[in-house]
Amino acid sequence: MKFEKKDILGIKELTVDEINLILETAESFLEISTREIKKVPTMRGKSVINLFYEASTRTRTSFEIAGKRLSADTINISASTSSVVKGETLIDTARNLEAMNPDVIVIRHSAAGAPHMLAKLLRQSIINAGDGAHEHPTQALLDMMTIKEKKGRIAGLKVAIVGDIMHSRVARSNIYGLSKMGAKVVLAGPATMLPRNIEQMGVVVHTNLEDAIIDADVVMMLRIQLERQNQSIFPSLREYSQHYCLNRTNIQLAKKDVIVMHPGPINRGVEISPDIADDPSCSVILDQVNNGVAVRMALLYLLTGGNE
Amino acid sequence: MVENKNVKIVMDKDGIDRCLTRIAYEILEKNKGGENLVLVGIRTGGVYLAQRLQKKISAIEDKDILLGILDITLYRDDISTSSKKPALGKTKIPFDLDDKKVVLVDDVLFTGRTIRAAMDALIDFGRPKMIQLAVLIDRGHRELPIRADFVGKNLPSSLWEAVSVNLMEKNGMDEVIIEGET
């Protein structure tokens with residue numbers, strides 16, 4: 001199968017075949033990161049710009065390493081040290097970057113739809129590294145890759161996503177992706193963190209953790225965005241963790257071979273207890289990070305190399 | 001489209017098997033035994049041939065010969081210009097290549113570009129003592145200064161002819177065919 005997309009803007013826009021192709025390609029890329037010389041010449045002479053308007057450790061480093069392992073030149077721009085602070089608009093910044101002829105632009109922006117606007121505007125391939133509370137497609141792809149790796153399949157699994165669904169682009173991309181791949185997605189969170197009518201995405205919604213994780217094959221905990229504490233969507237961190245923290249006791253409700261995922265950064269003791277996060281028999285959090293590099297290598301590979 | 005295709009079988013099942021038996025002995029003769037010898041098959045056809053050679057050599061020497069699998073896609077010299085993004089297969093070389101005598105195995109030797117890519121890839125995995133090349137068919141038309149150490153059959157061909165090695169493992173039968181328009 002040939003990959004025809006110019007950009008990766010969201011999981012919503014991807015077909016099941018495209019997702020499978022990306023995951024299979026990523027599985028082949030895993031091996032490169034285990035070599036002594038972790039580099040292949042595939043993207044020699046290509047350049048990738050990482051344009052980050054929001055803070056990031058994992059995603060930006062992961063894209064940078066992915067590009068470098070493919071021999072691309074990667075350039076990182078973060079808003080705080082760029083002309084953005086002088087008031088340049090996103091469109092002007094993008095047009096100027098375009099004039100320098102990169103091959104791929106990876107963008108993270110607090111506004112939903114920012115990558116889509118660039119994709120229409122620029123001839124370069126755009127990869128969405130997170131736009132507002134909308135989508136974070138590469139995270140969902142690495143999550144699906146991790147589930148497939150650990151469980152051998154995605155279809156038919158029960159996946160519980162717990163936490164602040166409202167503000168989570170990770171949740172939205174995973175709901176699209178996992179549902180497309182045939183998993184049964186269950187959400188849980190306090191009512192203030194559940195978007196209205198989210199059931200229309202084909203998911204089952206609970207307001208308590210226990211109901212959601214019964215017999216789950218996968219439990220995905222979301223980060224509580226501490227910066228939102230003042231928006232009065234939850235009374236206190238302590239109260240949140242009393243009801244929604246995954247711990248030794250409530251995890252017993254899930255399947256025996258349950259895997260626990262978290263997109264990071266984790267708030268220890270808030271949404272996940274440290275002994276679960278660090279338990280190699282169920283936590284796959286670091287496998288997610290490892291697979292993230294492979295998924296991003298696969299996307300860079302699939303998006304570049306076409307006839308201009 | 002398929003009309004006017006002139007298909008000729010140039011080697012059958014027994015022919016392929018005899019070639020591989022001879023190559024197995026030639027590899028052992030040239031390397032004075034199986035010491036430090038490893039085989040690396042190039043995806044996809046070369047992998048099956050390498051597996052068959054591995055069986056033969058291991059049986060002759062009465063010791064296990066290591067086998068690796070190499071996908072050369074990421075090392076192709078046309079990867080940034082071709083409009084197709086070739087499907088990527090898994091590379092599996094689960095052993096150290098340092099100071100090994102590596103025999104690369106492929107089905108058809110043509111322009112030599114695949115072998116160039118394969119050598120670049122191998123060198124990223126370590127520093128083999130030497131790299132040798134075994135192919136079932138050498139059809140000529142080299143574009144790089146590359147030749148095979150072990151050849152099953154030299155098959156002079158025209159550029160517009162297609163040479164295919166069909167193997168039981170992927171095509172359900174063993175045969176080498178050459179086809180071209182009449």
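Readers should treat all values here as calculations from the given coordinates under stated rules, not as data from a laboratory. Values in this document were obtained by computation on a predicted structure and should not be read as measured data. Backbone-built Cβ (ideal geometry, glycine too); neighbour counts: all protein chains shown.
What the table shows:
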{"item": "Ranked packing of A:183-189, A:276-282, A:157-163, most packed first, by mean Cβ within 10 Å", "result": "A:157-163, A:183-189, A:276-282"}
{"item": "Nearest-ten-degree value, helix A:58-69 long axis tilted from longest Cα axis of chain A", "result": "40 degrees"}
{"item": "Degrees separating the helix A:90-99 axis from the principal Cα axis of chain A, which is the longest one", "result": "40 degrees"}
{"item": "Within-11-Å neighbourhood charge of A:TYR301 [Cβ basis; K, R +1; D, E -1]", "result": "+4"}
{"item": "Relative packing of B:65-72, B:102-109, which averages over residues the other C-beta atoms within 10 Å, highest first", "result": "B:102-109, B:65-72"}
{"item": "Residue-averaged beta-carbon neighbours from other chains (10 angstrom radius) around B:67-79", "result": "3"}
{"item": "Projected area, mean over directions - the protein assembly as shown, Cα convex hull, nm²", "result": "27.3 nm²"}
{"item": "Proxy reagent accessibility, fewest Cβ within 10 Å first, across A:THR207, A:THR146", "result": "A:THR207, A:THR146"}
{"item": "Most fluctuating residue given options A:HIS109, A:HIS136, A:HIS243, as computed from a GNM of chain A linking Cα atoms under 10 Å", "result": "A:HIS243"}
{"item": "Chain A: relative contact order as a whole-number percent, Cα under 8 Å and 6+ apart", "result": "20 percent"}
{"item": "Under the Debye formula (equal points on every Cα, no solvent term), log10 I(q)/I(0) of chain B at q = 0.11 Å⁻¹", "result": "-0.48"}
{"item": "Per-peptide average of other Cβ atoms within 10 Å, ordering A:35-47, B:132-144 highest first", "result": "B:132-144, A:35-47"}
{"item": "Proxy reagent accessibility, fewest Cβ within 10 Å first, across B:ASP77, B:ASP64", "result": "B:ASP64, B:ASP77"}
{"item": "Average beta-carbon neighbours from other chains, 10 Å sphere, peptide B:87-97", "result": "4"}
{"item": "Sequence-separation-based contact order of the stretch A:171-252, relative, with Cα cut under 8 Å and 6+ spacing, percent", "result": "26 percent"}
{"item": "Ascending count of other beta-carbon atoms within 10 Å, so fewest first, for A:ARG238, A:ARG172", "result": "A:ARG238, A:ARG172"}
{"item": "For a label point 7 Å along the Cα-to-beta-carbon line of B:LYS55, residues of the stretch B:164-178 with backbone N under 20 Å", "result": "B:165-176"}
{"item": "Summed residue charge, Cβ within 14 Å of A:GLU149's Cβ, Lys/Arg positive, Asp/Glu negative", "result": "-2"}
{"item": "Estimated distance in nm for a label pair at A:LYS6 and A:LYS150, the labels positioned 7 Å out from Cα along Cα-to-Cβ", "result": "3.8 nm"}
{"item": "Inter-chain shielding of B:108-114 (mean C-beta neighbours from other protein chains, 10 Å cut-off)", "result": "0"}
{"item": "Point-to-point label distance, A:ASN247-A:MET100, nm (Cα→Cβ direction, 7 Å offset)", "result": "5.0 nm"}
{"item": "Over chain B, relative contact order from alpha-carbon pairs under 8 Å, at least 6 apart, %", "result": "27 percent"}
